[in-house]
Every structure is written in structure tokens, then in C-alpha cells.
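What follows is a set of notes on a single structure, which appears directly below.
The values are calculated or read from the model by the stated rules, or taken from the named source; none is laboratory data. Nothing here was measured: the structure is a model prediction, and the numbers come from that model. Note: areas computed on protein heavy atoms with side chains; ligands, DNA, RNA excluded. Shrake-Rupley method; radii C 1.70, N 1.55, O 1.52, S 1.80 Å.
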Amino acid sequence: MLSKQSQGYLNDVKNRMKKHQGEVNIITTHPIPEIYKLVFLSGIPSYMINAKELQGKNTEGSIVHLNDIIYTVVKRLTVSSKVLELHLDDVSTQ
């Protein structure tokens, strides 16, 4: 049996889902970055690379490969339509 608070939350979610059923979702497309600015949490100086040099997804929490080293994407920031900044943490230090 759910608590009164949990049941209220569940009912609220169900009501919001009913309210939005049938609405058209807007699909936005984001420009694909051409350049990544890499910022390393380990203290390695940051530098810019071509997007083709990085293997893996650039989403937060995903794993990427760069020069045979595995990193986790901790944070990503859009600098411009062509530049994406990735904050990387070396997987071996975790």
C-alpha cells in the first residue's frame, strides 16, 4: 500500500500525462559540433580537437575514448553552434 504522499504524487503524474496526451511534441535539432574543447578534471591542460577524433557519445555520464584512454563525460557545455566543451574525468581514477 502506498503512503498518502506517494499516492498523491502518482495521481498528479497520471493527471499530467492525461493532460498532455495527443499533443504534438516539438522535435528540435541541435547542430552537430565540429570542435570539442576538452577540459580534464585531472589537471591536464585543456585543448581543442576535431569532433572526429573523439570516439563515443558526448552526453553526460557516457564513456568516450581519446588516444586509447577512457574518460567519462562529467559535464558538457555549448560554447557556440560549432564548439562543445566537454569536462572529462579519467575512468582509471574513479
Problem set entry | In order through region 55-70: 3J(HN,Hα) via Karplus (6.51 cos²θ - 1.76 cosθ + 1.60), integer Hz, x for Gly, Pro | 10, x, 7, 9, 8, 4, x, 8, 9, 10, 10, 9, 6, 6, 10, 9
For this session: List the aspartates and glutamates whose Cα lies under 17 Å from the Cα of residue 75, skipping any in the same chain that are fewer than 8 positions away.
Result: 60, 85, 89, 90
Problem set entry | Portion, in percent, of the accessible area of region 38-94 that falls on carbon or sulfur, probe 1.4 Å | 52
